[in-house]
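Novice: Can you keep this structure in mind? I'll have questions shortly.
The values are calculated or read from the model by the stated rules, or taken from the named source; none is laboratory data. Model, not experiment: these values are computed from the prediction. Backbone-built Cβ (ideal geometry, glycine too); neighbour counts: all protein chains shown.
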Amino acid sequence: MPRYYYYVCDKCRFSPKRLKSGSFNGSTMRPMPNGYTYVTDDAGNRIICGHPCEALHIGEVLGKDAPIELIEQRTGYINYCVCLDCLADLEIDLKRDPRLCPNCKSNRVVKLREMVGTTCPKCKSGTFKELDSGIIS
């Protein structure tokens, strides 16, 4: 089962805003440290596949006997990302989507976990940390 982590600057307490997650101690907490699986429906909408039943959700959308080629074409993985320029929270499939902020058009977009151990993009003096909440789903 996945652990819950939260991400925060050790100086200014900056933490990306909540997207589809809860919070712990005022900081962002994600069910998986990197992101989540999705499946694309016939209309092109990305449907979140909840953990731990990703295969069940994929089967509901594509059919339980969907060929592997269809599954490979219509599933992906969303990474939690942050724009280092405008600090926007982003959810990007890094294999299919451009690593570009839709808000400010910056290409300085990093995965949330890539921020761990780096200088905080907000205060420019703290260090961004990944902290274990102690919660396991």
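Novice: Can you name every residue in segment 107-118 that is in a strand (DSSP E or B) and either exposed (fewer than 15 other Cβ atoms within 10 Å of the Cβ) or touching a residue at least 60 places away in the same chain (Cβ under 8 Å) (or both)?
Specialist: Result: 111, single match.
Novice: Moving on to the next point. Looking at 112, 100, 56, 84, can you tell me which residue is more than 14 Å from residue 39 (Cα to Cα) and modelled with pLDDT under 95?
Specialist: The unique qualifying residue is 112.
Novice: Quick one: in segment 60-92, which of the residues that are in contact (Cβ under 8 Å) with a residue 12 or more places away in the chain and among the charged types (D, E, K, R) is farthest from residue 120 (Cα to Cα)?
Specialist: This residue is 74.
Novice: Being in contact with a helix residue (DSSP H, G or I) (Cβ under 8 Å, 6 or more places away or on another chain) and part of a loop (DSSP other than H, G, I, E, B) is the filter; apply it to segment 46-78 and report the residue that is surrounded by the fewest Cβ atoms within 10 Å (Cβ to Cβ).
Specialist: Per the criteria, the residue is 50.
Novice: Here's a follow-up. Tell me, which residue of segment 93-106 that is surrounded by 13 or more Cβ atoms within 10 Å (Cβ to Cβ), charged (D, E, K, R) and free of Cβ contacts under 8 Å to residues at least 40 places away in the same chain is farthest from residue 121 (Cα to Cα)?
Specialist: Checking each candidate, the answer is 97.
Novice: Out of the residues in segment 25-48 that are within 17 Å of residue 94 (Cα to Cα) and of a type in the set (A, V, I, L, M, F, W, C), which is modelled with the lowest pLDDT?
Specialist: Selected residue: 32.
Novice: Same structure, new question: What is the number of the single condition among (1) closer than 25 Å to residue 12 by Cβ; (2) outside any loop (DSSP other than H, G, I, E, B) that residue 125 does not meet?
Specialist: In the conditions (1) closer than 25 Å to residue 12 by Cβ; (2) outside any loop (DSSP other than H, G, I, E, B), residue 125 misses (2) alone.
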